[in-house]
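Contents: one structure, followed by commentary.
Read-outs: derived from the displayed coordinates by stated rules, not from any lab. A quick note: this is a predicted structure, and the numbers were derived from the prediction, not measured. Note that we place each Cβ from the backbone using ideal geometry, even for glycine, and neighbour counts take in every protein chain shown.
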Amino acid sequence: MKINIVIPGVGLSGGIRVLFQYAELLEKKGHDVIFYTPVLAYDVKNSNSELVNKIHVFTNSIKRINSYIIKKNQNKTGFAVNVEAVPCIKNKYLRDADLVIASAWPTAFSVNDLHKTKGKKIYFIQDYEIWNNKRLGQLSYTLPLKHIVISTWIKNKLIEQLGHEDAPIVYDGLDIEIFNNLKTNCYKYSENRKFKILMLYHNLAKKGIVEGLEAYKRLKKQYSNVELSMFGLDRKPDLPEGVIYYSNPTREELKRLYQSADVFLYTSREEGWGLTPLEAMAAGCVVVGTDTGCMLDLGKNEENVLLVEPKDVEGLVNNVIRIMKDEELAKYLAKNANETVKQLSWDKAVLKFETILKDICNEN
């Protein structure tokens, strides 16, 4: 199959990384995949001010000219993928193909406007993206594109909005070979060592960082040896004193963080999937979190994770304390979690993804 994939940019967010991984694996299976990204940045309507939005588009476009044009011969994605920077997403800039896939709500509108010769139109939905502009985000899901989603949570959100949804679900794969590690050391709490908590940092409110930091604050009042480390794509976020921050860690650095932590705190209020808690589970780190995203599909409270409802700070605190005080519970959860995520191989994921793409391609 010839597959075109439209992405808003090449920043290695979780969603873009997933698409690059699929493209690599599909290429190995003999398919021809090209990514298209516009040099003219999308207007995501973040502001009520059109002037502010236009300035945002202008400054982002200038950055892209430098990144995509001046450095066009440098592939800095870390993946063996073909990314074409084009002025904008229009018919004349995209090749004819069997399928064309939208990857984020602004790209859905672009793909919808393309001629049918660019491929049968698919919307690969990795989150319910209404944080930039709720009206346009929701409108994107009503476009006549075939949906593929990555979680039950997303499918349920679309059912709530549309009244029905027959989209197939394909779980993201996980780099098991990188993160897999069931700790041989004990999980026993001791006042003589640091009790290490790890958490993702993100500036989106839906990630629940406020609740996570409040939980840490309450724990720190009771247990002085509790230590919080965070990681994210931001260079230097404003965090409370004493919080250790790692900016854009490598995969090996991230593996080390997971494996050295006692608890991974997953605080999302809502989530399309949630890669980081699954990586933590693979690395033998006990996950204490909220019942959303991937946890609706793979998390089993009291069996492989400890879960509370989103925004339940006290519940998060109590569950962390349970892990601190119950070594056997910690070992039990970590072992089961490690076994759970082993089903998330990329080979299984790409096989299901490929099957769905072929079915769509062969439809009359």
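As an exercise, use a Förster radius of 41 Å and the Cβ-Cβ distance of L204 and K116 to find the FRET efficiency, rounded to the nearest 0.05. Write out the running numbers ahead of the final one.
On the way: r = 35 Å, r/R0 = 0.86.
Taking R0 as 41 Å, the efficiency between L204 and K116 is 0.70.
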The chain: most fluctuating residue of P38, P249, P106 per GNM, C-alpha cutoff 10 Å: P249
If every Lys and Arg gets +1 and every Asp and Glu gets -1 at its Cβ, then about the Cα centre the chain yields a dipole, in debye to the nearest 20, of 1020
Principal-axis tilt of helix 313-325 within the chain, Cα atoms, nearest 10 degrees: 50
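Taking a 18 Å limit on the Cα-Cα distance, which of the listed pairs K196/K325; K116/K157; K63/K92; K300/K325 fall beyond it? Walk me through the numbers before you get to the answer.
Working: K196/K325 14 Å; K116/K157 28 Å; K63/K92 24 Å; K300/K325 21 Å.
Pairs exceeding 18 Å: K116/K157; K63/K92; K300/K325.
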Angle between the Cα long axis of helix 327-341 and the longest principal axis of the chain, 0 to 90 degrees, nearest 10? 20
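May I ask you to derive the FRET efficiency for Q222 and S345 from their Cβ-Cβ distance with R0 = 41 Å, giving the value to the nearest 0.05? Mind dumping the intermediate values first?
Working: r = 40 Å, r/R0 = 0.98.
It comes to 0.55.
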Under the rule rounded for a/c under 1.5, else prolate if a/b exceeds b/c, else oblate, using alpha carbon gyration tensor axes a ≥ b ≥ c, segment 1-43 is classed as oblate
What distance in nm separates the simple spin-label points at R235 and N48, each placed 7 Å from Cα in the Cβ direction? 3.1
Could you size up the charge dipole of segment 176-341 around its Cα centre, putting +1 on the beta carbon of Lys and Arg and -1 on that of Asp and Glu, and report it in debye to the nearest 20? 520
In terms of the charge dipole of the chain, which places +1 on Lys and Arg and -1 on Asp and Glu at the beta carbon, the residue among W346, N4, W105 farthest towards the positive end is N4
Between T340, T152, T142, where does the largest GNM mean-square fluctuation fall for the chain, given springs only between Cα atoms within less than 10 Å? T142
With the dipole of the chain defined by +1 on each Lys or Arg Cβ and -1 on each Asp or Glu Cβ, the option from G163, N91, V33 whose Cα lies farthest towards the positive pole is N91
Between K92 and I169, the two model label points (7 Å from Cα along the beta-carbon direction) sit apart by a distance in nm of 4.5
So for R0 = 56 Å, FRET eff. of C361-S190 from the Cβ-Cβ r, to 0.05, ends up at 0.45
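Just to confirm the filter: which chymotrypsin sites (Phe, Trp or Tyr not before Pro) across segment 85-147 are DSSP coil and have at most 14 other Cβ within 10 angstrom of their Cβ?
W131
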Segment 229-364 - Rg (one decimal) and Dmax (whole number), Cα, Å: 17.0, 60
Springs between alpha-carbon atoms under 10 Å, Gaussian network over the chain: tell me which of F264, F195, F58 tops the mean-square fluctuations. F58
What trypsin sites (Lys or Arg not before Pro) does segment 313-355 have in DSSP loop regions with at most 16 other beta carbons within 10 Å? K342
Taking Cα atoms, the helix 50-64 axis meets the longest principal axis of the chain at an angle in degrees (rounded to 10) of 90
With +1 at each Lys and Arg Cβ and -1 at each Asp and Glu Cβ, the charge dipole magnitude of segment 227-302 around its Cα centre, to the nearest 20 debye, comes out at 240
Between K146 and residues 5 or more places away or on another chain, which pairs have amide H atoms under 5 Å apart, with H built 1.01 Å from N, and which residues are they? K121, I122, Y123
